[in-house]
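**Student:** Take a look at this one; I'll ask things after.
The values are calculated or read from the model by the stated rules, or taken from the named source; none is laboratory data. Computed from a predicted structure; not experimentally measured. Because the Cβ atoms are built from the backbone with ideal geometry, glycine has one as well, and the counts that use them run over all protein chains shown. Note: accessible area is taken over every heavy atom of the protein model, side chains too, but ligands, DNA and RNA are not part of it. Shrake-Rupley method; radii C 1.70, N 1.55, O 1.52, S 1.80 Å.
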Amino acid sequence: MKPSYRVLALAGLLLCAGRAARADDAVTIGTDWRAEPEHGGLYQALATGIYKKYHLDVTIRQGGPNLNQAQLLAAGRYDFSVQSNSFEPLNFVRASVPVVAVAAAFQKDPQVLIAHPGAGNDTLELMKGKPILISAASRENFWKFLVVHYGFTDDQIRPYTFNMAPFLADRKAIQQGYLTSEPYAIELATGEKPITILLADQGYESYAAMIATTRATIDKKPDLVQRFVSASMEGWARYLDADPSAANALIKKDNPEMTDAIIAHAIAGMKQYGMVNSGDAATLGIGAMTDARWQGFFDFASSAGLYAKDLDFKKAYDLRFVDKGKP
């Protein structure tokens, strides 16, 4: 006997309802700079269907020098943002901005100091007392670490405007940089590998490439936050241990200044220095954060006078979406 029209209509409605229940959630994340390999895990999750697997329809908005992604996040324009270092979530707490870090893709901050080889600046101890090119923003974050732990002084600071010409012109110059960026550009320009000191390997415990969202999103949509964090961290795992070519194609599309050589050098650096998989991530999984590490970082930052010692620093982060163990 043929099914009745009403039965077919009901079946169609149920099928549509089922599809609607599985509809992908639209999510927008704003990164902290133009598209680059340091966002590779996000692009890998997008390019290879990992976000889709978690029922997420993700848009990545690249950052830039004139964009305040956290402000756009707090205003509801974005659902998530990438935050560059551990100071930023603490700054949000100090300013009563309800933006919270929920994962740290990088266990090591890629911040470095760079010097010319053979100039007598091979260690932080040897750099003490010498002029260093430092940006205005950096004076209120990693520079304080150098002051507290290595005895650097503010009279060493020379303005750094992200133009490498002064460094290239002076063999005695020292400048700040990003592990996966400036050292390679300097090597191409000079034909020799510069002295590169990764501050994370000298005791600087800032996280980096953190995913942040608003407290309201955490409270109202914890499942969405969990799916986005899990998918993004899976993206990071696959970006580093599988074929990253699809992600790299999207990175180059968003930022044509990226070349295959630049990307390959950055990926090699992330692997060599354990930017993603070291520290607590080795046991707790990619994205790991811990109370102990946040406590240690806050103790340093507050002792340097950057924050009041009674600041409720635990409002800067939420651990419920990470530390699930390695898959």
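**Student:** Kindly check whether there is at least one residue in segment 304-315 that is open to solvent by less than 10 Å² (accessible area, probe 1.4 Å) and touching a residue at least 40 places away in the same chain (Cβ under 8 Å).
**Tutor:** Among the residues of segment 304-315, not one is open to solvent by less than 10 Å² (accessible area, probe 1.4 Å) and touching a residue at least 40 places away in the same chain (Cβ under 8 Å), which makes the answer no.
**Student:** Could you please let me know if SER232 is open to solvent by less than 20 Å² (accessible area, probe 1.4 Å), among the polar types (S, T, N, Q) and in a helix (DSSP H, G or I)? Working first, answer last.
**Tutor:** Details: open to solvent by less than 20 Å² (accessible area, probe 1.4 Å): yes; among the polar types (S, T, N, Q): yes; in a helix (DSSP H, G or I): yes.
Spelling it out, SER232 is indeed open to solvent by less than 20 Å² (accessible area, probe 1.4 Å), among the polar types (S, T, N, Q) and in a helix (DSSP H, G or I).
**Student:** In this structure, does ALA316 turn out to be under 22 Å from the mean Cα position of the chain (by Cα) and modelled with pLDDT of 95 or more? If you could, list the steps in order and put the result at the bottom.
**Tutor:** On the way: under 22 Å from the mean Cα position of the chain (by Cα): yes; modelled with pLDDT of 95 or more: yes.
Yes: the conditions hold for ALA316.
**Student:** What number of residues within segment 176-194 are surrounded by fewer than 21 Cβ atoms within 10 Å (Cβ to Cβ) and touching an Asp or Glu at 6+ places or on another chain (Cβ under 7 Å)?
**Tutor:** 1
**Student:** Here's something else I'd like to know. Would you kindly identify the helices (runs of 4 or more DSSP H) lying entirely within segment 33-92 that contain at least 2 residues that are surrounded by fewer than 22 Cβ atoms within 10 Å (Cβ to Cβ) and without any contact (Cβ under 8 Å) to a residue 60 or more places away in the chain? I'd like the intermediate steps shown before the answer.
**Tutor:** Values: elements: 40-47, 50-53, 69-74.
Fully inside segment 33-92 and qualifying: 69-74.
**Student:** List the number of the failed condition for VAL97; all other conditions in (1) in contact with a strand residue (DSSP E or B) (Cβ under 7 Å, 6 or more places away or on another chain); (2) outside any strand (DSSP E or B); (3) under 30 Å from ALA216 (Cα atoms) hold.
**Tutor:** Of (1) in contact with a strand residue (DSSP E or B) (Cβ under 7 Å, 6 or more places away or on another chain); (2) outside any strand (DSSP E or B); (3) under 30 Å from ALA216 (Cα atoms), only one is false for VAL97: (1).
**Student:** Additional query: Go through the residues of segment 266-280 one by one and say whether even a single one is without any contact (Cβ under 8 Å) to a residue 40 or more places away in the chain and outside any helix (DSSP H, G or I).
**Tutor:** Initial filter on segment 266-280 (without any contact (Cβ under 8 Å) to a residue 40 or more places away in the chain): 268, 271-272.
Remaining after also requiring outside any helix (DSSP H, G or I): none.
No, every residue in segment 266-280 fails to be without any contact (Cβ under 8 Å) to a residue 40 or more places away in the chain and outside any helix (DSSP H, G or I).
**Student:** May I ask you to list the residues in segment 103-136 that are in a helix (DSSP H, G or I) and open to solvent by less than 70 Å² (accessible area, probe 1.4 Å)? Full working, then the answer.
**Tutor:** So in segment 103-136, the residues in a helix (DSSP H, G or I) come out as 124-127.
Listed by number, the residues that qualify are LEU124, MET127.
**Student:** Identify, by number, the condition in (1) within 26 Å of GLN226 (Cβ to Cβ); (2) crowded, with 20+ Cβ neighbours inside 10 Å that GLY325 doesn't meet.
**Tutor:** (2)
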